[in-house]
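Notes follow once the structure below has been shown.
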Amino acid sequence: MDVYKEVSELRPGSFLKEDLYANTKNPIMAKGTKLMLEHFEVLHLFGITRVLVESKALGKTEQEPAEPIAEVKLTPEVEKLMNQSAPPKSRSLEALYDESVEAYKKEFNSYKSGKKLDVAAVRTIALPVIQAFLENKEYIRRLNEFSTMQGYRAHHSISVGILAALISESMGYPRGQVLQIGIAGVLADSGMAKINEKIIDKVAFLTSEELNEVKKHVIHSFQMVQDSSLVRQEMKVAILQHHERFDGSGYPRGLKGQDITEISQILSVADVYHAMTSERPYRQKESSFKVIELMREEEFGKFDMKVIEVLHELIHKLSIGTKVKLTTDEIAEVIYLHRDFPLRPIVKVLDSGAHIDLSSNRKITIVKIF
């Protein structure tokens, strides 16, 4: 049975059951329209609070999505109104991100109380924001700005899911598998709910006993999803392996090289990147440029380099003429790219005209690009 739903209760992916009018001669949205973020903004602009949607779409997030998000098509009149009055897409995307983090925070806290992990609930929370970032890839550069120290665990889980989905899509995985990988990224640290909070929140260095306790979270995470039919077996393996490292220095089994699956490596890179670009009680966050450089050079041999390169391309591929901000707070322009040091070009400082070769001046790094 088709039902009227409050717009505030809907998530992207529902389908309109009837043409939608708003004191207009022609419908502002046609029957069968797949509602996306941009449509919600239009509904808000016209003061529409309830719409008739197809009932089959209401439970759709509990099933495997069979198709990618279609490109949003708006009438010229509505598009003009959107451009004049609607908030920037980045704001609505950040709002959706914040909603997902808050919802997952409640789920995570329920695991601490002994509630069984509900994969369908996690999919309902995480899929809309993952799909939104897949359709708005340019905002991945701002992802670390969305995260806060408060509620870090939920921020980290949602962000790892987003990053893992974007990386896997760029590597050529089909959309259904991309979304599965994204959900696996969200669930990878669910086992942290089983670790003593005093250890997780400790500011000082962990003792070897405490560190061994933290390492058990991958086992807990695996056990929490093991019996779920909504998580494919290769995703369960990736959750278990996401702290393994190519050189054998990881855990829980100390696997090496090709014994670690590629999906596990995608989760590993997403996990480490977000952790290092986020502020924590015991250390300040690093710039995204610095983190990728550390993963490429100082952590060389631990990660699959093709995954690192894909993340690099997604976050900040440089080109001649790109404007950048340096750790000296100076604004500069890229004038030459080193083949072997893609994150350390020669730049020209705009104020002074000075040339700096970042490949030889290692004390200065790029903070952000414009």
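The values are calculated or read from the model by the stated rules, or taken from the named source; none is laboratory data. The structure displayed is predicted, hence computed values, not measured ones. Note that each Cβ is placed from the backbone with ideal geometry, even for glycine, and that neighbours are counted across all protein chains shown. Areas reflect the complete protein model, heavy atoms only, side chains present, ligands, DNA and RNA absent. Shrake-Rupley method; radii C 1.70, N 1.55, O 1.52, S 1.80 Å.
Taking a 20 Å limit on the Cα-Cα distance, which of the listed pairs Lys194/Lys285; Lys290/Lys317; Lys106/Lys194; Lys290/Lys363; Lys202/Lys363; Lys285/Lys363 fall beyond it?
Lys194/Lys285; Lys202/Lys363
Evaluate the charge dipole of the stretch 102-180 about its Cα centre and quote only its size in Debye, nearest 20, assuming +1 on the Cβ of each Lys and Arg and -1 on the Cβ of each Asp and Glu.
Its charge dipole is roughly 300 debye.
Quote to one decimal, in nm, the extra length available between Lys198 and Ser229 on full extension: 0.36 nm per residue of separation minus the C-alpha distance between them.
Length gained, Lys198 through Ser229: 7.8 nm.
Between beta-carbons, use under 14 Å as the cut-off and find the net charge around Val367, counting Lys and Arg +1, Asp and Glu -1.
Here the count lands on +4.
Within 13 Å, Cβ to Cβ, of Ile158, how many net charges do the neighbouring residues add up to if Lys/Arg are +1 and Asp/Glu are -1?
-3
Along the charge dipole of the stretch 151-244, pointing to its positive end and built from +1/-1 on Cβ of Lys, Arg, Asp and Glu, which listed residue (Ile158, Phe205, Ala193) has its Cα farthest out?
Ile158
Taking K and R as +1 and D and E as -1, what net charge do the other residues with C-beta under 14 Å from the C-beta of Asp351 add up to?
Net of charged neighbours comes to 0.
Taking each pair of different alpha-carbon atoms in the stretch 260-366 once, compute 1/r for the pair, average those values, and report the inverse of that mean as the Kirkwood hydrodynamic radius in Å to one decimal.
14.8
Order the following by accessible area, largest value first: Glu297, Glu169. Probe radius 1.4 Å; ligands, DNA and RNA are ignored.
Largest accessible area first, the residues go Glu297, Glu169.
Can you give the accessible area per residue of the stretch 248-370, in Å², using a 1.4 Å probe?
50
Hey, what's the stretch 201-241 come to in accessible area per residue, 1.4 Å probe, Å²?
With the other protein chains kept in place, the stretch 201-241 gives 59 Å² per residue.
Within the stretch 155-241, what whole-number % of the accessible surface is contributed by carbon and sulfur, with the 1.4 Å probe and all protein chains included in the calculation?
That fraction is 54 percent.
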